[in-house]
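Working notes, structure below.
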Amino acid sequence: MARLNVNPTRMELSSLKKKLASAQRGHKLLKDKRDELMRQFMNLIKETKQLRGEVEAGISEANRYMAVAGSVMQREALETALMLPKQEVELEVSEKNVMSVYIPVFIPKYRTGDTDDIYSYGTAFTSVDLDGAILALSEIFPKMIRLAEIEKACQLMADEIEKTRRRVNALEHIMIPDYQDTIKYITMKLSENERSTTTSLMKVKDMVLNQSHNFN
């Protein structure tokens, strides 16, 4: 804490009191923002943990199916079956504002709504395990998009939480104490000046009274 280098005047005292009130309001707002960001951040972390487990389990399942399909199908047949996919996906990207943090929103747009379009091949010359691999990947695909979305949101929110924390600490430990110390100093200085002025006036009054008494 350090006293600000200002002139100890009533005008400066009034200005500092306004700055102190503004800093205290800002401190409260920033603390509220930090706390709300932390609450939402922790919720996203929990969702991330759950989704990551589901995605990893889905990928492992798809890999198991694909490994079996690869062992029972010829390589050329497997590559031909996957060569021309029927389904297409576009990713629509937008943003939403969460406590002044613009986090991404990923919305997959499928070419068709037919669930059978995930299979780009006929079933006559393919393994049922290939169907299982395609289905497993199809089921976890939306979760993978959501996982990417919230992981980016967590990164952005963590950055904003750190910035907000620094601002809160600066206000709480530097600016507000400095304002308070300076206000205290100016108040004491003005009180001293008032006492000094009062003492001087009393002396002048005594001198005037003495002179008046002598004239009489």
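The values are calculated or read from the model by the stated rules, or taken from the named source; none is laboratory data. The shown structure was predicted, so the numbers you read here are calculated from the model rather than taken from an experiment. With ideal geometry, Cβ positions are generated from the backbone for all residues, glycine too; neighbour counts draw on all protein chains shown. The protein model used for the area step is the full one, side chains on, heavy atoms only, and it has no ligands, DNA or RNA in it. Shrake-Rupley method; radii C 1.70, N 1.55, O 1.52, S 1.80 Å.
Filter the stretch 119-140 down to the residues that are of a type in the set (S, T, N, Q) and modelled with pLDDT of 85 or more, then identify the one that is surrounded by the fewest Cβ atoms within 10 Å (Cβ to Cβ). Spell out how you get there, then give the answer.
Residues of the stretch 119-140 of a type in the set (S, T, N, Q): 120, 123, 126-127, 138.
Of the ones still in play, those that are also modelled with pLDDT of 85 or more are 127, 138.
Numbers: Ser127: 20, Ser138: 16.
In this case the residue turns out to be Ser138.
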Inset, instruction - Kindly indicate which of Val168, Val204, Val208 is at pLDDT 85 or above and either of a type outside the set (Phe, Trp, Tyr) or surrounded by 11 or more Cβ atoms within 10 Å (Cβ to Cβ) (or both). - result: Val168
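Condition test on Glu56, is it open to solvent by 60 Å² or more (accessible area, probe 1.4 Å), of a type in the set (Asp, Glu) and under 17 Å from Tyr119 (Cβ atoms)?
It is false that Glu56 is open to solvent by 60 Å² or more (accessible area, probe 1.4 Å), of a type in the set (Asp, Glu) and under 17 Å from Tyr119 (Cβ atoms).
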Inset, instruction - Within the stretch 86-115, track down each residue that is under 22 Å from Asn43 (Cβ atoms), in a strand (DSSP E or B), open to solvent by 70 Å² or more (accessible area, probe 1.4 Å) and touching an Asp or Glu at 6+ places or on another chain (Cβ under 8 Å). - result: Tyr102
Inset, instruction - Tally the residues that are polar (S, T, N, Q) and surrounded by fewer than 16 Cβ atoms within 10 Å (Cβ to Cβ), restricting the search to the stretch 27-53. - result: 2
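Would it be correct to say that Ser94 is touching a helix residue (DSSP H, G or I) at 6+ places or on another chain (Cβ under 9 Å) and either under 30 Å from Asp159 (Cα atoms) or free of Cβ contacts under 8 Å to residues at least 12 places away in the same chain (or both)? Steps first, answer last, please.
Details: touching a helix residue (DSSP H, G or I) at 6+ places or on another chain (Cβ under 9 Å): no; either under 30 Å from Asp159 (Cα atoms) or free of Cβ contacts under 8 Å to residues at least 12 places away in the same chain (or both): yes.
Answer is no for this residue.
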Legend entry - Qualifying position, being open to solvent by 20 Å² or more (accessible area, probe 1.4 Å), part of a helix (DSSP H, G or I) and either farther than 30 Å from Tyr65 by Cα or not β-branched (Val, Ile, Thr) (or both), among Met157, Met144: Met144
Legend entry - Among (1) in a helix (DSSP H, G or I); (2) under 40 Å from the mean Cα position of the chain (by Cα); (3) exposed (fewer than 10 other Cβ atoms within 10 Å of the Cβ), the one test that Glu76 misses: (2)
